[in-house]
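Just below is one structure, and these are the notes that go with it.
The values are calculated or read from the model by the stated rules, or taken from the named source; none is laboratory data. Keep in mind it's a predicted model, so treat the numbers as computed, not measured. Here the Cβ positions follow ideal geometry from the backbone for every residue, glycine too, while neighbour counts run over all protein chains shown. We work out accessible area using only protein heavy atoms, side chains counted, and drop any ligands, DNA or RNA first. Shrake-Rupley method; radii C 1.70, N 1.55, O 1.52, S 1.80 Å.
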Amino acid sequence: MINETFQIQYHSLEEAIHSVYGKDAEKIKAERVHGGDINDACRISLSIGETVFVKTNSIRNLNFFITEAHGLTALKAAGTIGVPKVLGMGIDEQKGCSFLLLEWLESIPRIRNYWETFGHELANLHRAALFRAEEPQTDKYPQREHRHSYFRGTDGQPLLRYGFEEDNFIGANPQKNRPMASWIDFYRECRLTPQIKMAEHYLDSQLQRKITYLLDHLDSYLREPEFPSLLHGDLWSGNVLCGPDGKAWILDPAAYVGDFETDLAMTQLFGSFPSPFYSAYQEINPIDKGYEERKDLYHLYHLLNHLNLFGRSYLGSVAEILNGYI
């Protein structure tokens, strides 16, 4: 799913632009783009009439961009929903930063059935048979054979495994993606447990006991899904943009393979999407009635992450979920 493209890291932003657009492409204007808590971002207009989007961070945080590029590429490979194209990345020593170069998405007015189309496209992403078909190779971007090998058995058939080819990030915090055969084990070991360990200093003894009970009895609350789904991983409204086709495009992923209910739950954590989105989603990928009982456990991961990122103001929400289950 990931190819050699992203093993090529440029030594400057200008080198990346010239590699993609040619030597005549020069930066003529840079405008700061607001939004996001982790990276600086700007829109760059080029002399050849093209526009690109650039994220920058400190040199030591290049891995933010490497893993984001891999996530964007995985989502784009599904071919079901708009995802910005990765153009390059690297470290610009002269500017003292790491960078990620993406295509610029120029928004136009939404199509008439914007939310219904988004629901259908996300459902198709979650049902995409990414692990049953090899991707096409090109001479320019040769495929790496070992990528996603943990999704296949010795006979080449897909395995129900959860995780990703590498760890990545959820916001600025690390996100573990060690492949596991059980979704419940994965959610316990790679999602809840790392965040709980980071949050220990916020949790009193009563909450600690409830968390221990929850982790020990997680199989009483969660299900093993019928099939694995490639997930965006951080699908709130701020990571959705109306793109150049008037449809929803998804950005800034924390991608991995898991239960599609986690993506749906994230869309409802900070205010739900409009109801036509969920009705359309169900036409393609039915939502089990038990989802409503599991939803807050998927919220718990993100609220713990917010507690660890932004502080005690999220502790009440974490406690409310724990008290609701135990």
Exercise. Applying the selection to the stretch 261-272, what residues are open to solvent by 10 Å² or more (accessible area, probe 1.4 Å), farther than 20 Å from ALA172 by Cα and at pLDDT 95 or above?
Worked result: GLN268, SER272
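Just wondering, is there one or more residues in the stretch 57-74 that are in a loop (DSSP other than H, G, I, E, B), open to solvent by 70 Å² or more (accessible area, probe 1.4 Å) and out of contact with any Lys or Arg (no Cβ under 9 Å at 6 or more places or on another chain)?
Initially, the stretch 57-74 is screened for residues in a loop (DSSP other than H, G, I, E, B), giving 58.
Now narrow it down to the ones that are open to solvent by 70 Å² or more (accessible area, probe 1.4 Å): none.
No, the stretch 57-74 contains no residue that is in a loop (DSSP other than H, G, I, E, B), open to solvent by 70 Å² or more (accessible area, probe 1.4 Å) and out of contact with any Lys or Arg (no Cβ under 9 Å at 6 or more places or on another chain).
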Problem set entry | Selected residue [more than 17 Å from LEU300 (Cβ to Cβ) and modelled with pLDDT under 95] from PRO158, PRO174, PRO253, PRO244 | PRO158
For this session: Hand me the list of helices (runs of 4 or more DSSP H) wholly inside the stretch 228-326 holding 2 or more residues that are within 26 Å of ALA69 (Cα to Cα).
Result: 261-267, 291-310
For this session: For the stretch 29-56, name all the residues that are of a type in the set (S, T, N, Q) and either at pLDDT below 95 or open to solvent by less than 30 Å² (accessible area, probe 1.4 Å) (or both).
Result: ASN39, SER45
Problem set entry | Subset of the stretch 121-142 that is surrounded by fewer than 19 Cβ atoms within 10 Å (Cβ to Cβ) and touching an Asp or Glu at 6+ places or on another chain (Cβ under 9 Å) - its residue that is modelled with the lowest pLDDT | TYR141
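Which is buried (at least 22 other Cβ atoms within 10 Å of the Cβ), touching a residue at least 12 places away in the same chain (Cβ under 8 Å) and within 23 Å of the chain's Cα centre (by Cα), of TYR281, TYR291? Talk me through it step by step, then tell me what you get.
Details: TYR291 fails: buried (at least 22 other Cβ atoms within 10 Å of the Cβ).
Among TYR281, TYR291, only TYR281 is buried (at least 22 other Cβ atoms within 10 Å of the Cβ), touching a residue at least 12 places away in the same chain (Cβ under 8 Å) and within 23 Å of the chain's Cα centre (by Cα).
Out of curiosity, is ILE81 buried (at least 17 other Cβ atoms within 10 Å of the Cβ), over 25 Å from PRO244 (Cα atoms), touching a residue at least 60 places away in the same chain (Cβ under 8 Å) and touching a helix residue (DSSP H, G or I) at 6+ places or on another chain (Cβ under 6 Å)? Break it down stepwise before answering.
Details: buried (at least 17 other Cβ atoms within 10 Å of the Cβ): yes; over 25 Å from PRO244 (Cα atoms): no; touching a residue at least 60 places away in the same chain (Cβ under 8 Å): yes; touching a helix residue (DSSP H, G or I) at 6+ places or on another chain (Cβ under 6 Å): yes.
No: the conditions fail for ILE81.
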